[in-house]
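The values are calculated or read from the model by the stated rules, or taken from the named source; none is laboratory data. Worth saying up front: this structure is predicted, and the values here are computed from it rather than measured. Cβ placement follows ideal geometry from the backbone for every residue including glycine, while neighbour counts extend to all protein chains displayed.
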Amino acid sequence: MEAVDARLLDPAHPRRVIVVGGGYAGLTFVVTLAHRMKAIDGIEIVLVDPRPYQQALSELDLVAAGTPRPQFAELWHADVLRGLRIKVVYDRLESVSPQGCFIEVGPRGGPTVSIAYWRLVLATGAIPSFPPVPGLRESAITMWSVDDAMRLQRSLEEQFRRGVILCDPDERMEALAVTVVGGGATGVEIVGTIADSMPPLIRRAGHDPSELKITLIEGRPDILYDLPETQRVRARRRLERMGVVVQLGRKLERVEAGVAYLEGGLAISSPVLVWCGGAHADPDAVEWGLSADTSGRLICDENLKAHGCPEVYVVGDVAAFRDPGSGRILPMLAQFAIREAEHAADATLHEARGLPLRPFVPNMHGEFVSVGPSWGVGWMFGRNVSGWFAIVMKRITYVMYWVQVGSFRLAWKRTLQMLRMRH
Ligand SMILES: Cc1cc2nc3c(=O)[nH]c(=O)nc-3n(C[C@H](O)[C@H](O)[C@H](O)COP(=O)(O)OP(=O)(O)OC[C@H]3O[C@@H](n4cnc5c(N)ncnc54)[C@H](O)[C@@H]3O)c2cc1C
């Protein structure tokens, strides 16, 4: 790979493929295309992202609480793109001109540089979304980056120090409270990690871990709606055994002075509040003049091309791809981002070689959610799996991704680092 200044790119390159976003989808796309293309295809690959690393979001459950090095979830471009014919522009996408086939990159509100493309791949991901709940945005920690994981660690530590010195047990319980809102996979994984890492600290400080009050709030009647019911029940029981109060069926109404108020007047002490209640596509995407659905995800056809824009592919969380099998828009999952990106890379090569395109078929072979570091639930090839096996399978998906975008060497190095972590 080579980091380049956008101004120095050949303004008239006939086969430039620009990929915006170096997350799961963007990295998979550039690596797949770089491996499969030949010199005769005449393709130049340019990756655009302001960051020199990928934030591997699905690995944040490993580092959310307690792990000394949350930076583990950063996958550096220099490690994964080494030796590949890929140019990287470390800048933000500011605007897209689908008619003129060029994009503008540069700092927000600052001077921009135009780069022309033959094909554009938008893989800009999603960001947390907040409903209009008073006090939520100001009080909540989101879980969307290594910085967020570090912020959560700091808040837990500070709250713990403040709480354990209190003499009154009731006051101590109020102070030693953590609330996670959102019973989807992210919320369950984060609350599981906290429920595993905090009790030993409380014990070490000479108190009873039952004084720690961890609550998971979900407005719907159950958690983990994407999983079969038996797996949801297993996950709930596991959380309850870990001391988590699972509060179902009541929506968060407001957050005030460290207290979360739910429908029906229930008040839950929440000096640390983690928001895992939803995400929407990067809001900038709707400003690029491409068709978006109500959540801001860009609408695409069966070839993953943006609606009405034959030169633009959209992949990953930013893409609203309707699965022809289920009739539903695919959920925001790394597994789908990776599949879509592989398909779009092949389709780009087909176009370069004048071959017909095949429609994208999303095939998912399994899904795993950790409930604490050593136990999980999920399914694979139509069968339910749980316990340590689900965790092993989840970690194997990480290793497969490291091999896919990096190398066996990188995967080996990261696997050893992962095994050396406390869990
Ligand atoms: C805590 C957590 C746990 C998760 N666990 C799982 C899991 O276990 N399994 C699973 O399948 N999925 C999981 N997911 C979901 C998964 O992480 C996402 O589906 C996946 O990250 C989507 O990949 P992406 O490439 O579309 O976006 P991302 O990985 O978010 O990458 C988007 C990239 O675009 C860049 N970008 C954004 N805007 C611009 C711009 N204007 N210009 C240039 N670059 C830009 C960003 O810097 C970023 O690098 C989890 C998500 C979270 C938050």
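A few points about this structure:
- Of all residues making up segment 372-397, the number that are in contact with a helix residue (DSSP H, G or I) (Cβ under 8 Å, 6 or more places away or on another chain) and within 16 Å of the ligand (Cβ to nearest atom): 13
- Of the residues making up segment 332-347, those that are within 15 Å of the ligand (Cβ to nearest atom) and more than 16 Å from the chain's Cα centre (by Cα) are 342, 343, 344, 345.
- Some residue of segment 86-109 being touching a residue at least 40 places away in the same chain (Cβ under 8 Å), more than 9 Å from the ligand (Cβ to nearest atom), assigned to a helix (DSSP H, G or I) and not β-branched (Val, Ile, Thr): no
- Scanning segment 164-179 for residues that are touching a residue at least 60 places away in the same chain (Cβ under 8 Å) and either in contact with a Phe, Trp or Tyr (Cβ under 8 Å, 6 or more places away or on another chain) or of a type outside the set (Val, Ile, Thr) (or both) yields a total of 4.
- Odd one out for residue 37, checked against (1) within 15 Å of the ligand (Cβ to nearest atom); (2) touching a residue at least 60 places away in the same chain (Cβ under 8 Å): (1)
- Qualifying residue in segment 146-161 (condition: near the ligand (Cβ under 10 Å from one of its atoms) and farther than 30 Å from residue 204 by Cβ): no
- Lone unmet requirement of (1) outside any helix (DSSP H, G or I); (2) in the same structural domain as residue 292 (by TED's automatic domain parsing); (3) not polar (S, T, N, Q) for residue 59: (1)
- Of all residues in segment 306-321 being at negative phi and within 14 Å of the ligand (Cβ to nearest atom), the one that is surrounded by the fewest Cβ atoms within 10 Å (Cβ to Cβ): 320
- Entirely in segment 136-228, the helices (runs of 4 or more DSSP H) that have 1 or more residues that are crowded, with 16+ Cβ neighbours inside 10 Å and either over 27 Å from the mean Cα position of the chain (by Cα) or acidic (Asp, Glu) (or both): 146-164, 169-175, 185-204
- The strands (runs of 3 or more DSSP E) located wholly in segment 272-321 that include 2 or more residues which are at pLDDT 95 or above occupy 272-275, 312-314.
- The number of residues in segment 348-371 being away from the ligand (no atom under 15 Å from the Cβ) and among the aliphatic types (A, V, I, L, M) comes to 5.
- Residue check, residue 79 surrounded by fewer than 21 Cβ atoms within 10 Å (Cβ to Cβ), modelled with pLDDT of 95 or more and either over 30 Å from residue 201 (Cβ atoms) or near the ligand (Cβ under 8 Å from one of its atoms) (or both): no
- Residue within segment 401-412 that is over 18 Å from residue 26 (Cβ atoms) and either within 17 Å of the chain's Cα centre (by Cα) or acidic (Asp, Glu) (or both) present: no
- Some residue of segment 142-156 being more than 30 Å from residue 250 (Cβ to Cβ) and among the β-branched types (Val, Ile, Thr): yes
- Screening residue 357 with (1) under 19 Å from residue 62 (Cα atoms); (2) touching a His at 6+ places or on another chain (Cβ under 7 Å); (3) modelled with pLDDT of 95 or more gives one miss only, at (1).
- Test: residue in segment 322-331 that is within 13 Å of the ligand (Cβ to nearest atom), within 22 Å of residue 102 (Cβ to Cβ) and crowded, with 19+ Cβ neighbours inside 10 Å: no
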